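Shown next, in structure tokens, is the structure this report addresses.
The values are calculated or read from the model by the stated rules, or taken from the named source; none is laboratory data. These numbers were taken from a predicted model, which means no experiment stands behind them. Quick reminder, even Gly has a Cβ in these numbers, built from the backbone with ideal geometry, and neighbours come from all protein chains shown.
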Amino acid sequence: MRRVLLAGAVLLLAGCGGGQGTGATATTSSGTSSPAGTASPAGTSAPSSAPTATPTAVGGTALTVVVDPDGTGEAVVVGTLTCDPTAGDVPDPAAACTQVAAVGPAGFAAPDPGAVCTQQYDGPQTATVSGTVAGQPVDASFSRTDGCAISRWDALSELLSTTR
């Protein structure tokens, strides 16, 4: 009986995954899967076995950004960004490339629908981003309607900024 309880405890702990998410996956627009929750809130970084990329090492990143700063559709701002070489008409292309490299394609995956998010509202802003990140196609929508959405936005604040 003791062995059964010990084996059950081991299986229970193994199922916890050490805090690395639920085992669910998020699918990017390319059809590839990545572990859900790999996009980290602003100011944190997700564990990764891959070396961190610098903006000049992000080859294959070319994005079109459409930001609606007041949510009405009347003052839409369209910008572009390429990395390696760094160029574009977002306010600070080098800073935007650094953020894009930090989140990678997973930062553009759809939010986990089962995530528990704080119920706060930080404004009507919305944005869409399409193109490629590190050679992977992305097509994402962003808003500031709850804590999870705000964290996604903040992780790419330089890309989604409309201040020029």
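Of all residues in the range 128-164, exactly one satisfies the criterion of being buried (at least 16 other Cβ atoms within 10 Å of the Cβ), assigned to a loop (DSSP other than H, G, I, E, B) and on the phi > 0 side of the Ramachandran plot, namely Ala134. Every test in (1) at pLDDT below 95; (2) more than 17 Å from Pro69 (Cα to Cα) is passed by Thr162 save one, and that test is (2).
Kindly indicate which of Phe142, Phe108 is without any contact (Cβ under 8 Å) to a residue 24 or more places away in the chain and among the aromatic types (Phe, Trp, Tyr).
On the way: Phe108 fails: without any contact (Cβ under 8 Å) to a residue 24 or more places away in the chain.
Checking each option against the conditions leaves just Phe142.
Might you check whether a residue that is in contact with a strand residue (DSSP E or B) (Cβ under 8 Å, 6 or more places away or on another chain) and within 17 Å of Val67 (Cα to Cα) occurs anywhere in the range 112-119? Scanning the range 112-119 turns up no residue that is in contact with a strand residue (DSSP E or B) (Cβ under 8 Å, 6 or more places away or on another chain) and within 17 Å of Val67 (Cα to Cα).
Does Val103 fit the bill of being crowded, with 16+ Cβ neighbours inside 10 Å and over 17 Å from Ser161 (Cα atoms)? Taking the combined requirement at face value, the residue does not satisfy it.
For the range 89-104, the count of residues that are under 14 Å from Ala62 (Cβ atoms), part of a loop (DSSP other than H, G, I, E, B) and of a type in the set (Val, Ile, Thr) is nonzero.
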